[in-house]
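Just passing along the structure, written as structure tokens.
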Amino acid sequence: MSHFIRTLALLLLPGLALPAATMTNATATFTGSANPGGVATSAWFEWGLGQRFDQTTAPTALGAGSSPVAFSANVGGLTPGLTYRSRAVTSNSVTGVRRGFASAILSPVVTLTGANPLTNTWGLAYVEPGATASGFVVALAGGRAHSLALKADGRVSAWGDNFYSQTNTLASATNVVAIAAGQNHSVALRANNTVVSWGENSFGQTNVISAASNVLAIAAGELHSLALRTNGTVVGWGDNASGQTNAPANLTNAIAIAAGDRHNLALRNNGTVTAWGYNGYNQTNVPADATNILAVAAGGGDSLALRADGTVFVWGLNSYFQTNVPAAATNVIAIAAGLYHNLALHADGRVVGWGAGTNNTGANPHFGQAQIPASATNVVAIAAGYYNSYALKADGSLLIWGAGTNNTGIFPRQGQAIAPAGLNNLNLAAFAGGVVNTNLTGDYTVTYTVTNAFGGVNTNARTVTVTAPPPPPVLTGAGVVSNGLLRFNFTNSTPINFTVLAATNVTLPTSNWTVLGPATVLSPGVYQFTDAQATNFPQRYYQVRSP
């Protein structure tokens with residue numbers, strides 16, 4: 001059903017090593033490692049916006065040795081706030097083309113509060129206005145009647161049906177890099193490769209097992225959960241009535257997983273698919289010609305596979321014609337499966353839907369979930385819930401249609417298609433660096449740095465100009481007033497605040513003078529100060545400073 005992979009571009013070849021992906025401002029660095037295995041091998045990265053992989057880096061020759069060889073590539077001109085994905089690819093004459101895990105990378109947008117540049121009056125304390133971070137939604141997932149969104153700060157927003165507390169995101173669900181939604185439970189993968197889960201637990205589907213360690217991808221079925229580990233093996237927990245949590249012993253080198261109601265799919269690095277679990281509709285009988293596969297998805301009783309040529313395979317339950325791939329589903333770059341409906345994303349940003357919901361009777365299971373909105377253009381990522389569909393657009397906007405566009409409180413219309421506001425607002429600390437010396441004229445730089453859970457870093461800098469100091473004040477009068485009080489007046493061409501200091505020895509450093517208090521502003525630029533202690537000293541000297 002709903003699935004989303006943790007995105008680290010692991011290339012599963014002999015002697016593999018985990019790669020990393022980082023992004024600083026608008027430049028991303030992809031790194032990987034592969035063992036040529038004694039055969040001349042080349043490697044590169046496929047990458048793109050959202051679920052696209054329509055860009056490639058230049059190939060790197062890895063040689064023909066028998067030890068891991070690291071390779072990397074830099075890509076510039078990216079847009080902070082958007083989510084990009086990459087995967088490592090190798091090719092040689094023996095193994096052919098091999099692809100690794102998809103790796104998500106994004107840097108947050110850092111927006112300065114207040115003016116930039118900013119002018120600060122000489123001598124006045126500087127107060128930095130601050131900065132905020134923002135970024136588009138990274139991933140979406142849908143369950144029976146609840147929805148999840150992965151925000152760019154690694155936090156999960158959830159809405160819709162909450163009967164099992166499936167939308168009460170755990171406090172520990174921070175630095176999240178992938179999400180999945182089962183029927184009534186939610187699963188999140190953290191950047192430290194650990195898994196947390198919440199919601200319905202009738203079969204232990206939220207009791208994450210100890211074997212689910214070093215995890216790179218997660219998936220959630222009706223009543224079970226899956227995890228793909230860094231060693232290419234898969235573990236499961238929860239309902240196992242159909243063997244759906246028992247991954248085949250010979251399943252190795254997996255790079256992606258998908259969970260249906262009671263069956264699962266795994267994509268291996270050689271482009272083949274392994275399936276297990278309930279097979280009442282032949283959904284685990286992978287067609288022999290399902291080769292050179294790039295992605296998999298699993299629905300209520302059907303299975304989907306996307307080939308490298310952009311065509312889609314679907315097999316299994318066909319109760320609502322969900323295995324009848326429409327002719328329009330060509331040049332496909334991503335797939336998604338709901339309960340009885342499927343989605344495909346065109347390379348040109350259009351979405352195709354089929355199966356249940358191609359009409360909209362409002363009766364179960366037809367809620368228009370396969371009817372694509374006219375506004376679904378320039379789409380970069382898709383997902384499917386039981387009875388609704390999701391699309392992320394390149395401009396960061398989110399579309400949800402099908403069941404749950406209102407909230408009657410009656411299943412399945414429980415508001416799962418009504419996304420909360422503020423999904424692009426992030427809870428990320430913006431760390432400021434730089435010092436502004438307000439007693440020294442000049443330009444200063446205050447730089448804000450924000451880091452997210454996806455290895456993304458972004459900075460934004462404010463220029464602060466400290467104005468020239470005002471001219472010295474001009475004494476306009478001084479004398480003793482009633483009761484022996486000393487009062488003096490002065491003016492200044494720049495209306496600023498002044499503080500009066502006094503000492504009995506004019507040669508003392510200013511730090512040793514006594515601060516008497518602020519001068520009274522009579523009018524802009526005109527000041528007065530009265531010293532009630534003047535008669536206590538045989539002689540006293542005064543100076544004024546700003547502030």
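Residue by residue, what Karplus-based ³J(HN,Hα) values in Hz, rounded to whole numbers, does segment 136-145 have, using 6.51, -1.76 and 1.60 with θ = phi - 60° and x for Gly and Pro?
With the stated coefficients, segment 136-145 comes to 6, 4, 8, 7, 10, 8, x, x, 5, 8 Hz.
Specify whether the C-alpha gyration tensor of segment 138-414 places it in the rounded, prolate or oblate class, a ≥ b ≥ c being the square roots of the eigenvalues: rounded for a/c under 1.5, otherwise prolate if a/b is larger than b/c and oblate if not.
Rounded.
5 Å is the cut-off here: which amide hydrogens, built 1.01 Å from N in the peptide plane, fall below it relative to ALA295, excluding neighbours closer than 5 in sequence?
Hits under the 5 Å cutoff: LEU306.
Right, another one. Rounded, prolate or oblate, given the Cα gyration tensor of the chain, with a/c below 1.5 counting as rounded?
Verdict is prolate for the chain.
Please list 3J(HN,Hα) in residue order for segment 497-507, calculated via the Karplus relation 6.51 cos²θ - 1.76 cosθ + 1.60 where θ = phi - 60°; whole Hz, with x for glycine and proline.
Result, ordered by residue: 8, 10, 10, 9, 10, 9, 7, 8, 10, 5, 7 Hz.
Run the numbers on segment 195-273 and let me know its relative contact order in percent, using alpha-carbon pairs under 8 Å that are six or more apart.
Result for segment 195-273 is 24 percent.
In addition: Hey, can you grab everything whose amide H is under 5 Å from the amide H of VAL464? Only 5+ residues off in sequence or another chain; H modelled, so Pro and N-termini drop out.
Distant-sequence amide H within range of VAL464: LEU118, TYR444, THR445, VAL446.
May I ask you to evaluate 6.51 cos²θ - 1.76 cosθ + 1.60, the Karplus curve with θ = phi - 60°, for each residue of segment 442-457 and list the ³J(HN,Hα) values in order in whole Hz, giving x for glycine and proline?
With the stated coefficients, segment 442-457 comes to x, 9, 10, 10, 10, 10, 9, 10, 10, 10, 10, 6, 9, x, x, 10 Hz.
Pull out a ≥ b ≥ c, the square roots of the eigenvalues of the alpha-carbon gyration tensor of segment 474-545, then state rounded if a/c is under 1.5, prolate if not and a/b is larger than b/c, and oblate in the remaining case.
Note, shape of segment 474-545 comes out oblate.
Let me ask something else. Placing +1 on the Cβ of each Lys and Arg and -1 on the Cβ of each Asp and Glu in the chain, which of ALA254, SER482, ASN460 has its Cα farthest towards the positive end of the resulting dipole?
SER482
In terms of modelled amide H atoms, which long-range or inter-chain residues lie less than 5 Å from the amide H of ILE218?
PHE4, ARG6, LEU228
Taking the Cα centre as origin and putting +1 on Lys and Arg beta-carbons and -1 on Asp and Glu beta-carbons, what dipole magnitude results for the chain, to the nearest 20 debye?
Roughly 480 debye for the chain.
Only the coordinates and a few stated rules stand behind these numbers; no lab work does. For clarity, every value in this text was computed on a predicted model and none was experimentally measured. Note that each Cβ is placed from the backbone with ideal geometry, even for glycine, and that neighbours are counted across all protein chains shown.
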